[in-house]
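Quick note: the coordinates plus some simple rules give every number you see, no bench work behind them. What you see is a predicted model; the values in this text were computed from it and never measured. Don't worry about glycine lacking a Cβ; one is built from the backbone with ideal geometry, like all the others, and counts go over all protein chains shown.
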Amino acid sequence: MLTYDNRYSYFVFIAKIFLPISALIILSTLFLLARFSDSSQIVAISEIGTDRETGSQKITAPIYSGLTDDGSILEFSSGSLAPSILSPKKVFAKKVLAKITTSKGIVYEISSDKGSYNDNTSTVDLKTNVVVVMPEGYKIYTENLSTHVKKTMLHSPSPILAEGLIGTLNAGNMSLIEKNNQHLLIFKKGVKLNTTISN
């Protein structure tokens, strides 16, 4: 039978082994996961791994879904997700796919080669070969596009090319905003429409 001193020594011995391990697991999880401040948002992560070539930690095939304040459903996925070295509240992604479904059922599908999420501003910035598939099959091409995880918003500060059944449209920038319970797509700066006439 263990005496009081023996039981206490045994407890201290076990604690010294397992408490540091538990702390490391918790800290590693907090470091790896992209942190979203809104409690209504849901993050699902799969296949946590390590990038052996760069020596940096990353998450492979992450999936994020959430609901904006104005009722749109946001869905994001990417090939990989890595934390920023300089900012603990920023993460970088590669091969990003996004889907926005508004409260009225309008769907916007987006893809890009690169992306980043900033928890300070709740914004997602997509870069390089950005393609937005609009309702009825219209496509918009640009190199930079920003969206928000708390409201339905798209903004491209870069020149855009839009293609559709009626022809093509060029503009210096593009914005999708909410006004009077409607989502408006606005093109500005050097807007040029080239129509295609079918026989």
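A few points about this structure:
- Cα-based shape type of region 77-199, given that a ≥ b ≥ c are square roots of the gyration tensor eigenvalues and the cut on a/c is 1.5: prolate
- Least to most buried among 141, 117, 108 (fewest other Cβ within 10 Å first): 141, 108, 117
- As a proxy for reagent exposure, 102, 196, 168 were ordered by neighbouring Cβ count within 10 angstrom, fewest first; the result is 196, 168, 102.
- Checked against a 19 Å cut-off, the cross-linked pairs 104/151; 94/150; 150/179; 114/150; 150/189; 104/150 give Cα-Cα distances beyond that limit for 94/150; 114/150; 150/189.
- Remark on residue 134: its backbone amide H falls under 5 Å from those of 139, 140, a criterion applied only to residues 5 or more positions apart or on other chains, H modelled at 1.01 Å from N.
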